[in-house]
Protein chains: 2
Amino acid sequence: MQYDNIVIALDGNGGDQGSSQLPQAIKFAIKKINAPVHFLIYGSKILEYELKNLGILKSYYTIIECNKNIPQDATIKEALNSYQNSSMYLCIQALKNKQCNAVLSSGGTGPLVAISRHILGCLYNQRPALCAIMPNSTQGFALMLDLGANASCKAQDLYSFALLGSCYYKALKPQVQRPSIALLNVGTENKKGNNVIKEAKNLIINDSNLNYQGFVEANKMLTSCFNVIVSDGFSGNIALKSAEGVVGFLKNQNKLKRFFLYLAKPSWLDAGQYNGSVLLGVDGVVVKSHASSQSKAIASAIVNTYRLCKNEIYNNFKQELKLNI
Amino acid sequence: MQYDNIVIALDGNGGDQGSSQLPQAIKFAIKKINAPVHFLIYGSKILEYELKNLGILKSYYTIIECNKNIPQDATIKEALNSYQNSSMYLCIQALKNKQCNAVLSSGGTGPLVAISRHILGCLYNQRPALCAIMPNSTQGFALMLDLGANASCKAQDLYSFALLGSCYYKALKPQVQRPSIALLNVGTENKKGNNVIKEAKNLIINDSNLNYQGFVEANKMLTSCFNVIVSDGFSGNIALKSAEGVVGFLKNQNKLKRFFLYLAKPSWLDAGQYNGSVLLGVDGVVVKSHASSQSKAIASAIVNTYRLCKNEIYNNFKQELKLNI
């Protein structure tokens, strides 16, 4: 793909807040990116008025009017057949047609995964997974996947995630030749866990390209020394939301307690700045923002998406994957 | 069962710290209980010396020497066949023989569940689950189960957990006639989740004794209005540990940050005081303390176990279950 500028398609309808947080998010993001960028916004025409009011130059965006949204829990069949004129579908179609470098959506995970897989296809028949950069006290960050693209997983899927995560880590940090991989489990002892975990462990160990290091428990997600944490999409989603829930709860107390939390919490432990999980394994950069994100968190997701494209990270990941298949 | 005093059997070998935290825990617990209680301690003879050194009267305990411990990840077969002289096995045997009212162990969940099921049996063929009292900002507490007794679960198991949890809630809070039940899921929309969740939902809805209210996401565990949160043992364990991990991480910072956390955190959000998950569904009071518990958390588990027996809560739960089967 060759573009003069980075172009990001934005799903202007997805998410709990619809488009209400988007104009401010775009303003924050443009300031942070501080370089040429263009947004293809699939959403309500009213956004134009709001963007203008915020002083955002017309050269930064194109609005393609589209008011159709996909319900969060639409089935795969519904998403693919009844919502071809939805903003999410049109975004992914634009990516396929090379009208943009990446897509960012706060819409439902199920529909986003289904449409992306259908239109963009899967890389080397791997099972796509939502992958997030998790803050980590010992090594800056760790990758965690799957965070919800697959509600139920087989051992082979977990093996796919290990491969995708390892290659993505190398694309992000080329100096790490063999990223360490751990499986999220209910204990660290060798025989712990269910059959899917045990079988996945064997598949990963038997692949000499992968650097399997053991199990990790959910209470060590922020402090472990592993580069890649692999889980099924169901418990990965629950692990992430549970951690966020505690921080979110503490943040929703009265002003004084919030202030003490601000003093107690290291600055890197702020979920918002890591917003934007990459749908690793589809043939194109698709990023999922939290459905409940406010403007600052959406802005972070936009900036993170921009960096992925600008630094050719996803292309490097694809190259890496090709070498490891 | 009729006892003059409450008698609690303690597994003196289980847990990451072995017996090192136990004497101090017993001292804290005796002070807190402030009523006649007796401990049957299955563990090292050295404990006697330590208990004496702490000034604990001999009338509070009987030590049965036993130095055999079961590895955390022993298989069911191993636990049942090769560790009949372990402290955990002997504790459960004592409960079966009515030598005590309850058992408390910090040992491995797998062995504890296997031995308890084998020796004590399951109530009305229900699938036992580890159930914890979770602090909750809106209603004081919620029950959560399963927290790890079952590494993989079928829909029928989740239905069992809903029934057990509902009856246990009524035993704890008799004024609540129809405890509200929610299933832990990756989203709240009707079609979210995997097939096990969807099938379990239908089983629970179809039981008119149960008050099913919907799905709950892991970020709402501390703030939801549901009385009972049901999950499979794998993701329930991960949800709990993930939340604990965040609090634990914040608590492990430098002194100043810890102080600010102390000011930021409501006093009820302290995992230690809720230590002790009940193995709901076996025929006897078996309580599991965190493997990594320090003395204060073990003391809380002892006190919680004492209250279960003293207030006849487990017997009331069994009565309730009988009415609802």
Exercise. Among the residues of the range A:44-67, which ones are in a loop (DSSP other than H, G, I, E, B) and either among the small types (Gly, Ala, Ser) or farther than 10 Å from A:Ser87 by Cβ (or both)?
Worked result: A:Ser44, A:Lys45, A:Leu54, A:Gly55, A:Ile56, A:Leu57
For this session: Have a look at B:Ile92, B:Ile70, B:Ile41 and point out the one that is over 20 Å from B:Ala299 (Cβ atoms), in contact (Cβ under 8 Å) with a residue 24 or more places away in the chain, not assigned by TED's automatic domain parsing to the domain that holds B:Gly236 and not in a loop (DSSP other than H, G, I, E, B).
Result: B:Ile92
Problem set entry | Filter result for the condition that a residue is touching a residue at least 40 places away in the same chain (Cβ under 8 Å), within 29 Å of A:Phe249 (Cα to Cα) and not small (Gly, Ala, Ser), over B:Tyr124, B:Tyr169 | B:Tyr169
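One line per residue, one yes/no per condition, for (1) touching a residue at least 24 places away in the same chain (Cβ under 8 Å); (2) outside the structural domain of A:Thr75 (by TED's automatic domain parsing); (3) farther than 29 Å from A:Leu95 by Cβ:
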{"residue": "A:Ala132", "(1), (2), (3)": "yes, yes, no"}
{"residue": "A:Pro135", "(1), (2), (3)": "yes, yes, no"}
{"residue": "A:Gln139", "(1), (2), (3)": "yes, yes, yes"}
{"residue": "A:Lys154", "(1), (2), (3)": "yes, yes, no"}
{"residue": "A:Asp157", "(1), (2), (3)": "yes, yes, no"}
{"residue": "A:Pro174", "(1), (2), (3)": "yes, yes, no"}
{"residue": "A:Ser180", "(1), (2), (3)": "yes, yes, yes"}
{"residue": "A:Lys191", "(1), (2), (3)": "no, yes, yes"}
{"residue": "A:Val196", "(1), (2), (3)": "yes, yes, yes"}
Exercise. Which members of the range B:187-215 meet the condition of being of a type in the set (Lys, Arg) and surrounded by fewer than 20 Cβ atoms within 10 Å (Cβ to Cβ)?
Worked result: B:Lys191, B:Lys198
Exercise. Do you know which residues across the range A:156-209 are of a type in the set (Lys, Arg), closer than 22 Å to A:Asn125 by Cβ and in contact with a strand residue (DSSP E or B) (Cβ under 7 Å, 6 or more places away or on another chain)?
Worked result: A:Lys201
Exercise. Counting only residues that are modelled with pLDDT of 95 or more and either touching a strand residue (DSSP E or B) at 6+ places or on another chain (Cβ under 7 Å) or not in a loop (DSSP other than H, G, I, E, B) (or both), how many does the range B:122-146 have?
Worked result: 11
Exercise. Which ones in the range B:206-237 are of a type in the set (Val, Ile, Thr) and closer than 13 Å to B:Cys153 by Cβ?
Worked result: B:Val230
For this session: Return the total of residues in the range A:138-155 being facing chain B (nearest Cβ under 10 Å) and polar (S, T, N, Q).
Result: 2
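Residues are listed down the side, and each one gets a yes or a no for (1) under 28 Å from A:Asn81 (Cβ atoms); (2) away from chain B (no Cβ under 14 Å); (3) hydroxyl-bearing (Ser, Thr, Tyr); (4) within 14 Å of the chain's Cα centre (by Cα):
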site	(1), (2), (3), (4)
A:Cys100	yes, yes, no, no
A:Leu104	yes, yes, no, yes
A:Ile119	yes, yes, no, no
A:Asn136	no, no, no, no
A:Asp157	yes, no, no, no
A:Cys167	no, yes, no, no
A:Lys192	no, no, no, no
A:Ile205	no, yes, no, no
Exercise. Do the conditions hold for B:Tyr274, that is, is it over 30 Å from B:Lys192 (Cα atoms) and modelled with pLDDT of 95 or more?
Worked result: no
For this session: Within the range A:158-186, work out how many residues are surrounded by 23 or more Cβ atoms within 10 Å (Cβ to Cβ) and out of contact with any helix residue (DSSP H, G or I) (no Cβ under 8 Å at 6 or more places or on another chain).
Result: 5
Exercise. So is A:Gly107 outside the structural domain of A:Leu90 (by TED's automatic domain parsing), assigned to a loop (DSSP other than H, G, I, E, B) and surrounded by 18 or more Cβ atoms within 10 Å (Cβ to Cβ) or not?
Worked result: no
Exercise. With B:Lys296, B:Lys255, B:Lys251 as the choices, which residue is assigned by TED's automatic domain parsing to the domain that holds B:Asn5, charged (D, E, K, R) and modelled with pLDDT under 95?
Worked result: B:Lys296
Exercise. Mind checking which residues of the range A:73-89 are hydrophobic (A, V, I, L, M, F, W, C), part of a helix (DSSP H, G or I) and crowded, with 17+ Cβ neighbours inside 10 Å?
Worked result: A:Ala79, A:Leu80, A:Met88
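Results for (1) at pLDDT 95 or above; (2) of a type in the set (S, T, N, Q); (3) farther than 28 Å from B:Leu240 by Cβ, shown as yes or no for each residue.
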site: A:Ala151; (1), (2), (3): no, no, no
site: A:Tyr159; (1), (2), (3): yes, no, no
site: A:Ala171; (1), (2), (3): yes, no, yes
site: A:Ser180; (1), (2), (3): yes, yes, no
site: A:Asn190; (1), (2), (3): no, yes, no
For this session: Go through (1) touching a Gly at 6+ places or on another chain (Cβ under 8 Å); (2) within 22 Å of B:Leu323 (Cα to Cα); (3) not acidic (Asp, Glu) one by one and return the number of the condition B:Lys192 breaks.
Result: (2)
For this session: Just one of (1) at pLDDT below 95; (2) surrounded by 16 or more Cβ atoms within 10 Å (Cβ to Cβ); (3) out of contact with any strand residue (DSSP E or B) (no Cβ under 6 Å at 6 or more places or on another chain) trips up A:Ile46, so point out which.
Result: (2)
For this session: Within the range B:95-104, work out how many residues are in a helix (DSSP H, G or I) and surrounded by 24 or more Cβ atoms within 10 Å (Cβ to Cβ).
Result: 1
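The values are calculated or read from the model by the stated rules, or taken from the named source; none is laboratory data. Predicted model only: the values in this text are computed from it and were never measured. Every residue, glycine among them, receives a Cβ derived from its backbone with ideal geometry; neighbour counts consider all protein chains shown.
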